[in-house]
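See below for the structure under consideration.
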Amino acid sequence: LRTPVTGLLTAAELLPPGRPTEMVKDRAQLLRTLVEDVLEVARLDSAAERAELQELMLGEFVERRVRTFDADISVRVLRESEVVTDPRRLERILGNLLANAGRHGQGPVEVTVEGRVVRVRDHGPGFPAE
């Protein structure tokens, strides 16, 4: 699955600059992310990969990870909580939520940590009521 997607991304880099090229690159990158997600789920289902659980302070973890994003994202820790989780997977989930808020919503993006709950909120129109 990775080889054709990598080929697609490489071919997209050779296209002339412009909006259509950027759209192709964006879609190819989304496809790459989807393939990686599917492969990770397959590894988890097959027990080929085990979660590496660690104790960490959730609010502190979220604050550090959000700082690595380029976007203007505010973080509020209302109540800190120690959790046992796989930091790599939690980072990926948080990254996906922030990327979706940036891609499909409107700013500002706000992250709130309250105990063991993390909320990511944007100010976009939301989903249609269909």
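Would you mind checking the tilt of helix 2-13 against the longest principal axis of the Cα atoms of the chain, expressed as 0 to 90 degrees and rounded to 10? Approximately 70 degrees, to the nearest ten. Taking 18 Å as the cut-off, the amide N atoms of the stretch 87-126 that come nearer than this to a point 7 Å along the Cα-to-beta-carbon line of Leu53 belong to 87-91, 116-117.
At 222 nm, what value in deg cm²/dmol follows for the chain if DSSP H runs of at least 4 each add -39500 (n - 2.57) and the sum is divided by all its residues, to the nearest 500? The helix-only estimate for the chain comes to -17000 deg cm²/dmol at 222 nm. A cut-off of 5 Å between modelled amide H atoms, ignoring neighbours fewer than 5 places along the same chain, links Val75 with Val111. Only Lys, Arg, Asp and Glu carry charge here, each on its Cβ (+1 for the first two, -1 for the last two); on that basis the chain has a dipole of about 220 debye about its Cα centre. Using Cβ point charges alone (K and R +1, D and E -1), the dipole size of the stretch 19-83 about the Cα centre works out to roughly 300 debye. For the Cα trace of the chain, dividing Rg by the Kirkwood Rh returns an Rg/Rh value of 1.03. Taking amide H atoms as placed 1.01 Å from N in the peptide plane, the amide H of Gln54 lies under 5 Å from those of Thr85, Asp86, each 5 or more residues away in sequence or on another chain. Ranking Ala101, Pro87, Ala11 by how far each Cα lies toward the positive end of the dipole of the chain (charges on Cβ) leaves Ala11 at the top. Each Cα pair under 8 Å and six or more residues apart adds its sequence gap; the mean of these over the residue count of the chain is a relative contact order of 20 percent. Taking Cα atoms only, the orientation of helix 58-67 departs from the longest principal axis of the chain by about 40 degrees. Where does helix 19-45 land angle-wise versus the long Cα axis of the chain, in degrees 0 to 90, nearest 10? The angle comes out near 50 degrees. A straight line joining the Cα centroids of the stretch 1-44 and the stretch 65-130 runs 24 Å.
Extension gain, Ile93 to Ser46: 0.36 nm times the residue separation minus the Cα-Cα distance gives 14.9 nm.
Values in this text are rule-based calculations from the coordinates and carry no lab data. Everything numeric here is computed off the predicted structure, so don't read it as measured data. Every residue, glycine as well, gets a Cβ built from its backbone with ideal geometry; the counts of neighbours run over all protein chains shown.
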